[in-house]
């Protein structure tokens, strides 16, 4: 594999270390909140966050324009209006679910569930493509992240080492080396390769590989393991 200069530049082909949950500037472990959300809250005057709140459905006007959402906070149902647009970002499962409970989706399916049909769109909730992944795991004689979940002494020590000295297991995200590969001529049947080329961009990887100093499937026995996972990115 050619060495890549990280995967943040838009090119996924090659191999590289990744920062994952480590801030590349401070070398500290970060979360989405500490990396992005807190800064956005400090710099923006039009961002509001509602915790313990679940979106129930999207609201529309007579022209089928989204005008807001109905939400539920601790059992209390209320509405949030939008002046310009409503953006759904609830993931591969919940985004189409929100559309369908709002009346947008395959007509037959919505009618079976007793949901009034606002827009008959047969593609909503269909054609999900998941990755096929496997991860052989082997025991190793060096300390690995698998100890953190099964050894009562390792995690407190790792937390102390990280907080006091910025060293130890918690300075590493666990899966820190990735590789992505595009299928080569002759590797796949011509018909399969043609289908992949027609469905994905030219630089879309066919396979991914992840080095993980842990068990691929959770196994909390306090021992040290290493896994090398491989995934088919174009099922």
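The values are calculated or read from the model by the stated rules, or taken from the named source; none is laboratory data. Predicted, not measured: the structure shown is a model, and the values here were computed from it. Counting neighbours? That spans all protein chains shown, and the Cβs are built from the backbone with ideal geometry, glycine included.
Worth a mention:
- Residue within region 129-147 that is without any contact (Cβ under 8 Å) to a residue 60 or more places away in the chain and over 24 Å from residue 69 (Cα atoms) present: no
- Test: residue in region 82-102 that is surrounded by 15 or more Cβ atoms within 10 Å (Cβ to Cβ), assigned to a strand (DSSP E or B) and either under 22 Å from the mean Cα position of the chain (by Cα) or at pLDDT 90 or above (or both): no
- Contacts under 8 angstrom Cβ, first residue in region 174-194 being on the phi > 0 side of the Ramachandran plot, partner surrounded by 17 or more Cβ atoms within 10 Å (Cβ to Cβ), 6 or more apart: 174/145; 174/212; 174/213; 174/214
- Taking each residue of region 33-45 that is within 16 Å of residue 23 (Cβ to Cβ) and looking for partners that are in a helix (DSSP H, G or I) with beta-carbon atoms closer than 8 Å, six or more apart or interchain, yields nothing.
- Within region 103-132, the only residue that satisfies the criterion of being in contact with a strand residue (DSSP E or B) (Cβ under 8 Å, 6 or more places away or on another chain), modelled with pLDDT under 95 and at positive phi is 125.
- In region 118-126, the count of residues that are touching a residue at least 12 places away in the same chain (Cβ under 8 Å) and under 30 Å from residue 214 (Cα atoms) is zero.
- Counting only residues that are closer than 27 Å to residue 153 by Cβ and under 25 Å from the mean Cα position of the chain (by Cα), region 187-235 holds 13 of them.
- Of all residues making up region 34-46, the number that are surrounded by fewer than 11 Cβ atoms within 10 Å (Cβ to Cβ) and within 20 Å of the chain's Cα centre (by Cα): 0
- The one condition in (1) crowded, with 16+ Cβ neighbours inside 10 Å; (2) out of contact with any strand residue (DSSP E or B) (no Cβ under 8 Å at 6 or more places or on another chain); (3) closer than 30 Å to residue 13 by Cα that residue 194 fails to fulfil: (1)
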